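Novice: Can you keep this structure in mind? I'll have questions shortly.
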Amino acid sequence: MTSTATVLAYLPSPPQGVWYVGPLALRAYALCIIVGIIVAIWWGDRRWVARGGRAGTVLDIAVWAVPFGLIGGRLYHVATDWQKYFGEGADPIDALKIWEGGLGIWGAVAFGAVGAWIGCRRRGIPLPAFGDALAPAILLAQAIGRLGNWFNQELYGRETTVPWGLEIYERTDDAGRSAPGLIDGVSTGEVAFVVHPTFLYELLWNVAIVVLLVLVDRKFAIGHGRLFALYVAGYCAGRFWIELMRADTATEIAGIRVNTFTSGIVFVLAVAYVIFARKGREAPETLDPSASKSDDAAVSSAAAGEGPAGKDGDAGKDDTDTERTDRGEQHSNTRGETPDPDKSDSAGKVGNGTPGTSKGETQ
């Protein structure tokens, strides 16, 4: 029998995961995903700029990557849990209800990478370098998204008596149905069972890998997609043992959950990439091709004799005029002429040779 002290230590589940403002449904799961995406774009852009890229690039590419990622994540989820949508008594239309939860991270990453590749190709940016900059930010977004599973009372582990066990409540909805898995339901306060909070295990694991990625990146300055592969390997290592603790229904192969197989296979491939991929890091100038083109254009203009205003020969004329003025002053001084102290020359010097102050300079 569980002691009172232990029961008081149990983690509670939120009373509900959906709130209605008139006809509008605010879903915690969707909000967590949105917050995660915003954080990933913000932090990813800072990391991209620090590597030599241009500010705003991550947001531009996210326009491609995020929709692809959401579609891929949903497709993977539906494919691996097809009984839920196409089994006996199921409604296939539910496969389109992404707001009710259900995104497979491997499908999201794979399809998101396709979207990112399209965005990078349009801007002339190397995809591996982009992935390295975004890797920690993506994993942090995954950690934030896991909070949505907490609100939905889903993807938890087996029943347990550990002090940090998660209480799963009975929920009822407007139709009078009662079950712990009702996403639109509200808690009755009755504890159905206590389980391992696998969502919390994965959240903490993800944060730990995020810290590891940042430290490795600072110490070794790795690039060419190796940091992204390290993120994939680290995530898969944690997901492998967490998946073994899950108690929800899932497709199995030889009695083993399909996500466990996926974790193991992807882990091996990611480690192989880290080992055999090109070492070092991309040169900063390769991350902002537009800047390189601007520099090349400036060099070409200078070589062609174009002045600051874009007219041929202006720069050359200014230099010639200055040389003529200097020669003229030298000639005047040799004749014993005294410069006027109230007049300043084109270089910003007063007549007695003391540097003057021209417009626009700071006092």
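Novice: Test ILE242 against the stated conditions and say whether it is under 16 Å from ILE105 (Cα atoms), of a type in the set (A, V, I, L, M), open to solvent by 70 Å² or more (accessible area, probe 1.4 Å) and in a helix (DSSP H, G or I). Step through it out loud before you land on a result.
Specialist: Working: under 16 Å from ILE105 (Cα atoms): yes; of a type in the set (A, V, I, L, M): yes; open to solvent by 70 Å² or more (accessible area, probe 1.4 Å): no; in a helix (DSSP H, G or I): yes.
No: the conditions fail for ILE242.
Novice: Further question on the same structure: State which residue is least open to solvent (accessible area, probe 1.4 Å) when the search covers only the range 48-95 and only residues that are over 21 Å from GLY223 (Cα atoms), aromatic (Phe, Trp, Tyr) and not in a loop (DSSP other than H, G, I, E, B).
Specialist: Per the stated criteria, the residue is TYR85.
Novice: Select, from ALA272, ALA237, ALA247, ALA283, the only residue that is surrounded by fewer than 12 Cβ atoms within 10 Å (Cβ to Cβ) and out of contact with any Cys (no Cβ under 7 Å at 6 or more places or on another chain). Spell out the reasoning first.
Specialist: Working: ALA272 fails: surrounded by fewer than 12 Cβ atoms within 10 Å (Cβ to Cβ); ALA237 fails: surrounded by fewer than 12 Cβ atoms within 10 Å (Cβ to Cβ); ALA247 fails: surrounded by fewer than 12 Cβ atoms within 10 Å (Cβ to Cβ).
Only one candidate passes the filter, namely ALA283.
Novice: Now for a different question. Kindly indicate whether any position in the range 45-59 is free of Cβ contacts under 8 Å to residues at least 60 places away in the same chain, within 30 Å of ASP173 (Cα to Cα) and out of contact with any strand residue (DSSP E or B) (no Cβ under 9 Å at 6 or more places or on another chain).
Specialist: Taking every residue of the range 45-59 in turn, none turns out to be free of Cβ contacts under 8 Å to residues at least 60 places away in the same chain, within 30 Å of ASP173 (Cα to Cα) and out of contact with any strand residue (DSSP E or B) (no Cβ under 9 Å at 6 or more places or on another chain).
Novice: Among the candidates ALA90, ALA65, which residue alone is among the small types (Gly, Ala, Ser) and without any contact (Cβ under 8 Å) to a residue 40 or more places away in the chain?
Specialist: On the way: ALA65 fails: without any contact (Cβ under 8 Å) to a residue 40 or more places away in the chain.
Among ALA90, ALA65, only ALA90 is among the small types (Gly, Ala, Ser) and without any contact (Cβ under 8 Å) to a residue 40 or more places away in the chain.
Novice: For the range 222-257, name all the residues that are aliphatic (A, V, I, L, M) and more than 22 Å from ALA113 (Cα to Cα).
Specialist: Quick first cut of the range 222-257, residues aliphatic (A, V, I, L, M) only: 222, 227, 229-230, 232-233, 237, 242, 244-245, 247, 250, 253-254, 256.
Of everything in the range 222-257, those that are aliphatic (A, V, I, L, M) and more than 22 Å from ALA113 (Cα to Cα) turn out to be ILE242, LEU244, MET245, ALA247, ALA250, ILE253, ALA254, ILE256.
Novice: Can you say whether GLY107 is touching a Leu at 6+ places or on another chain (Cβ under 6 Å) and of a type in the set (Gly, Ala, Ser), as far as the supplied structure shows?
Specialist: Numbers: touching a Leu at 6+ places or on another chain (Cβ under 6 Å): yes; of a type in the set (Gly, Ala, Ser): yes.
Answer is yes for this residue.
Novice: Here's something else I'd like to know. Checking the structure you have, find out if any residue of the range 20-31 is in a helix (DSSP H, G or I), of a type outside the set (D, E, K, R) and surrounded by fewer than 19 Cβ atoms within 10 Å (Cβ to Cβ).
Specialist: yes
Conditions tested, residue by residue: (1) surrounded by fewer than 21 Cβ atoms within 10 Å (Cβ to Cβ); (2) closer than 25 Å to HIS77 by Cβ.
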{"residue": "ILE118", "(1), (2)": "yes, yes"}
{"residue": "ILE125", "(1), (2)": "no, no"}
{"residue": "ASP132", "(1), (2)": "no, no"}
{"residue": "TRP150", "(1), (2)": "no, yes"}
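Novice: LEU200 - would you say it is in a helix (DSSP H, G or I), surrounded by fewer than 17 Cβ atoms within 10 Å (Cβ to Cβ) and not acidic (Asp, Glu)? I'd like the intermediate steps shown before the answer.
Specialist: Values: in a helix (DSSP H, G or I): yes; surrounded by fewer than 17 Cβ atoms within 10 Å (Cβ to Cβ): no; not acidic (Asp, Glu): yes.
So LEU200 does not fit the description; no.
Novice: What is the residue count in the range 113-125 for residues that are over 16 Å from the mean Cα position of the chain (by Cα) and not hydrophobic (A, V, I, L, M, F, W, C)?
Specialist: Residues that pass the stated criteria total 4.
Novice: OK, next. Between residues in the range 99-120 that are in contact (Cβ under 8 Å) with a residue 12 or more places away in the chain and residues that are crowded, with 22+ Cβ neighbours inside 10 Å and of a type in the set (Ser, Thr, Tyr), which pairs lie under 6 Å by C-beta distance while being six or more apart or on different chains?
Specialist: These pairs meet every condition: GLY101/TYR29; GLY104/TYR76; TRP106/TYR76; GLY107/TYR76.
Novice: Being crowded, with 21+ Cβ neighbours inside 10 Å and at pLDDT below 95: is that true of ILE183 here? Break it down stepwise before answering.
Specialist: On the way: crowded, with 21+ Cβ neighbours inside 10 Å: no; at pLDDT below 95: yes.
Answer is no for this residue.
The values are calculated or read from the model by the stated rules, or taken from the named source; none is laboratory data. Note that the structure is a prediction, hence the values are computed from the model and not measured. With ideal geometry, Cβ positions are generated from the backbone for all residues, glycine too; neighbour counts draw on all protein chains shown. The protein model used for the area step is the full one, side chains on, heavy atoms only, and it has no ligands, DNA or RNA in it. Shrake-Rupley method; radii C 1.70, N 1.55, O 1.52, S 1.80 Å.
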